[in-house]
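All remarks here apply to the structure that follows.
The values are calculated or read from the model by the stated rules, or taken from the named source; none is laboratory data. Remember, predicted model here, so these are calculated numbers, not experimental data. Virtual Cβ from ideal backbone geometry, glycine too; neighbours counted across all protein chains shown. Side chains included, ligands, DNA and RNA excluded: accessible areas come from the protein's heavy atoms. Shrake-Rupley method; radii C 1.70, N 1.55, O 1.52, S 1.80 Å.
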Amino acid sequence: MELLPRSPAEFGSARYWDRFFRQRGQRPFEWYGAFAELCPVLHKYVRPRDKVLVVGCGNSELSEQMYDTGMCQDIVNIDVSEAAIRQMRERSASTRPRMSYLLMDMLQMDFPDAHFQVVLDKGTLDALLTDEEEATLAKVDQMFAEISRVLQVGGRYLCVSLAQAHVLKKAVEYFSQEGWVVRVHQVASGGDKQQFVLPIFVYVMTKFRKVPGSAAQILEICPEEQDRPMRVESAERLVAAVKDRQHYALLCSQISKTPCREQVSLDLCDRESGKPRYTLHVVDSPSVKLSRDNHFAIFIIPQGRETEWLFGTEEGRRQLAASAGFGRLLTVALHREQLYEGMAGIQAELSGKVMELAPPGLPARQQVPFLSVGGDIGVRAVRHCGSSPLSGDFVVEDVKGDGTCYFRRLIFLQNRNVVQSEARLLAPTPLPGQKKRRKDKKKPSPTEPPGAIDKSYLCCEHHKAMVAGLCLLGGPDALPGELAVLVVGLGGGSLPLFVHDYFSQARVAVVEIDPSMLEVATRWFGFSQGDRMQVHVSDGLDYVAKLAAEAPAQYDAVMFDVDSKDLTVGMSCPPPAFVEKPFLQKVKTILKPEGVFVLNLVCRDARLKESVLATLRAVFPLLYARRIHGEVNEILLCQAGPAGR
């Protein structure tokens, strides 16, 4: 039996609906949304004494269920299908005396103005607004105008919808421009029996008198897990918020039926601020042999450790999931702008949401474990927040590493998953003769890391490789008495500080384009200038070009550790201009004949990387590459010729 229309336009045809209901017979037809799902929302906006109009009622049981449960009984139902109205009159004539069914077109209603407190529409707007043709939009405008006319001030138009973008946008724009309050509720799903993958929404349009000259709009969204609505600033933002929830529902449906071939990432945002609170990665391990207890687990990444290879890369998370021995591991990263109430608080907050991401085949009522390193959520203390015209927003934070060590990190928030600079913090040591702390005295908080910088330790593996590159200048006895080193890119200052302190005769010049970074390095990373350490606030390109013209062949080593601010390029370090051939010729010019050029290269674009290597070889015939395990960084050691022996 063919019940679907030949084209979407037939949804607006009375002839189609007459044929539909005659063929379907007495079986009720529900577009979407069972009464049990809709009831919690309808109860908020329909009062027992309200006079309710249901437009496009069809042969749905919604009105009957509202009547029978006592939600409301003064209900008028209208439809353009004579067959549907006849069926519904026969079903309710003897049992529901206060409810009526009328054959009427909602575009031309016979009711007087301000006759109803509630107009209820379940799928009717969706059926009418099948496209955005001029004729269709004109019908929708007529529908909205009639609904507005028959509603009292303070009355509510409740529209049950799948919230296609063009449908929601049209409704929101029309009624918000009329001065109505617009609120969109997401309806809680009914579990496995729900007919549609996409969530169901109820638009609640509350009629207010339009204030002449007022442009204020009240637009709100109320997600299924929250009772209190969230205010949004525009119709576009409201449509986007609904779209996010639709995408999430599609994702949950997909990964609940089949394993993920690729890792899935999503952010859960804080309700008040709208900022990300948790970042989740869904990692499936097909090789894990499943038993009853190892289908699914949640892994909380300790604060401050989300940038580590094991947690911050796809390969690392894949290894973590396999070693944990679960078919699906959901990793959860915590954000620095948020406060957390320990592991128990996080578990209580996430326990409902994470089950929406459960794998197929999870046994019923299965306890899902929450895992972490050492059973806690780590320590993160933000020491400084700043902003620079060149580097953007940045933070300096102290985090607890694996074990008892603490580290200080500089993070550029435009690339928040990359540690820009890192230094180990020294544990506090008592002064000679200082008495031990009495037992009854207050102990230092375990969340308060020490403050002094360990300048003798290089945290970053690529910095260690860069320093090791100085061995190309010769063995310990062959190194020049006064080692002249130029470092382009200061960051937290760890690299130039280590070279300065380890090589007691080294003269280190640092070029940094951003004066804010010099302030950060000095205040937070123990950096200082002196006779053998000078910082020049300048563009590295200009500084090297000037040196090449005025003072060639003066450096034993030139080190580039410069990040790129252009995230659209497949190379995040250095900026492309630093590896162009004319500039590399200038770098060669300022090096002594046996000097070494050390470059930190971070390039994910294979073709671009090959081009960079070819350009380097054209200028420096000797090129050595040192890959950093678990990182994209590659340290390139370049020389014009071998060092003398």
Under the helix-only model (-39500 (n - 2.57) for each DSSP H run of 4 or more, divided by the residues of the chain), the mean residue ellipticity at 222 nm, to 500 deg cm²/dmol, is -8500 deg cm²/dmol
HN-Hα couplings for segment 610-618 via Karplus (6.51, -1.76, 1.60; θ = phi - 60°), in whole Hz with x for Gly/Pro, come out as 4, 5, 5, 4, 5, 5, 4, 5, 5
Computed about the Cα centre, the charge dipole of the chain from +1 Lys/Arg and -1 Asp/Glu charges at the Cβ has a magnitude in debye, to the nearest 20, of 1660 debye
Helix 515-524: inclination vs the chain longest Cα principal axis, degrees, rounded to 10, gives 80 degrees
For the chain, the charge dipole (Cβ of Lys, Arg +1; Cβ of Asp, Glu -1; about the Cα centre) points to a positive end, and the Cα of GLY312, ALA241, ILE200 closest to that extreme belongs to GLY312
If unit charges are put on Cβ atoms (+1 for Lys and Arg, -1 for Asp and Glu) and the dipole of segment 458-639 is taken about its Cα centre, the option from LEU608, PRO593, GLY469 lying farthest towards the positive end turns out to be LEU608
Tilt, helix 540-550 to longest principal axis of the chain (alpha-carbon atoms), in degrees rounded to tens, equals 30 degrees
Expressed in square angstrom to the nearest 10, the accessible area of TRP180 with a 1.4 Å probe stands at 10 Å²
Quick calc: nm separation of the 7 Å Cα→Cβ label points for THR404 and ARG209 -> 7.3 nm
With all protein chains in place and a 1.4 Å probe, SER256 shows an accessible area in Å² (nearest 10) of 50 Å²
In this structure, the FRET efficiency calculated for VAL418 and THR69 from their beta-carbon separation, with R0 = 60 Å, to the nearest 0.05, is 0.60
In nanometres, the difference between 0.36 nm per residue of separation and the alpha-carbon distance of ALA640 and HIS115 is 180.0 nm
Among (i) 56, 39, 25; (ii) 55, 29, 22; (iii) 66, 28, 24, the value of semi-axes √(5λ) of the Cα gyration tensor in Å computed for this structure carries the label (iii)
With Cα coordinates, the longest principal axis of the chain makes an angle with the long axis of helix 165-177, in degrees rounded to 10, of 80 degrees
The set of residues whose placed amide H lies less than 5 Å from the amide H of VAL510, leaving out same-chain residues fewer than 5 positions away, is VAL487, GLN534, VAL535, HIS536
In terms of the alpha carbon gyration tensor, root eigenvalues a ≥ b ≥ c, rounded if a/c is under 1.5 and otherwise prolate when a/b exceeds b/c or oblate, segment 299-373 is oblate
Heavy-atom accessible area of PHE370, protein chains in place, probe 1.4 angstrom, given in Å² to nearest 10, is 40 Å²
Measuring from its Cα centre, segment 579-645 shows a charge dipole (+1 at each Lys and Arg Cβ, -1 at each Asp and Glu Cβ) which, in debye to the nearest 20, is 140 debye
Ranked output for segments 586-596, 315-325, 60-70 by mean other Cβ atoms within 10 Å, highest leading, reads 586-596, 60-70, 315-325
The percentage of the accessible area of segment 258-371 (probe 1.4 Å, all protein chains present) made up of carbon and sulfur atoms, to the nearest whole number, is 51 percent
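Relative contact order for the chain: what is it in percent, counting Cα pairs under 8 Å that are at least 6 residues apart?
Values: 1184 pairs, mean separation 40.7, N = 645.
The normalised contact order for the chain reaches 6 percent.
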Note on segment 458-639: alpha-carbon gyration tensor, axes a ≥ b ≥ c; rule is a/c under 1.5 for rounded, else prolate if a/b larger than b/c, else oblate; result rounded
Mean separation of Cα contacts under 8 Å (at least 6 apart) over the residue count of segment 458-639, i.e. the relative contact order in percent, is 21 percent
Per-residue accessible area, 1.4 Å probe, largest first, puts GLU512, GLU341 in the order GLU341, GLU512
Once both label points are put 7 Å beyond Cα along the C-beta direction, the GLN142-THR258 separation in nm becomes 4.5 nm
Computed ³J(HN,Hα) along segment 51-58: with the Karplus parameters 6.51/-1.76/1.60, θ = phi - 60°, integer Hz and x for glycine or proline, the list is 9, 10, 10, 10, 9, x, 5, x
Taking 0.36 nm per residue of separation between ASP542 and LYS243 and subtracting their Cα-Cα distance, the length gained on full extension comes to 102.9 nm
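Placing +1 at every Lys and Arg Cβ and -1 at every Asp and Glu Cβ, with all other atoms neutral, what dipole size does segment 526-579 have around its Cα centre, in debye to the nearest 20? Provide the component values of the computation, followed by the final result.
Values: 3 positive and 8 negative charges, 3 e Å.
Magnitude of the dipole: close to 20 debye.
Over segment 458-639, with every protein chain in place, what whole percent of the accessible area is carbon and sulfur at 1.4 Å, could you tell me? Mind showing how you got there, number by number?
Working: 4100 of 7900 Å².
That share works out to 52 percent.
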For segment 551-563, in residue order, the Karplus 3J(HN,Hα) values (coefficients 6.51, -1.76, 1.60; θ = phi - 60°; whole Hz; Gly and Pro = x) are 9, x, 6, 10, 10, 6, 8, 10, 10, 10, 9, 10, 8
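Exceeding 24 Å between C-alpha atoms, which entries from my cross-link table qualify? They are LYS210/LYS275; LYS243/LYS275; LYS169/LYS210; LYS44/LYS257; LYS275/LYS464. If you can, show how the numbers build up before the last one.
Values: LYS210/LYS275 34 Å; LYS243/LYS275 17 Å; LYS169/LYS210 20 Å; LYS44/LYS257 34 Å; LYS275/LYS464 36 Å.
Over 24 Å Cα-Cα: LYS210/LYS275; LYS44/LYS257; LYS275/LYS464.
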Per residue, accessible area of the chain with a 1.4 Å probe, heavy atoms of protein chains only, in Å², comes to 49 Å²
Note: SER456 to VAL373 extended length (0.36 nm per residue) minus current alpha-carbon separation gives 27.1 nm
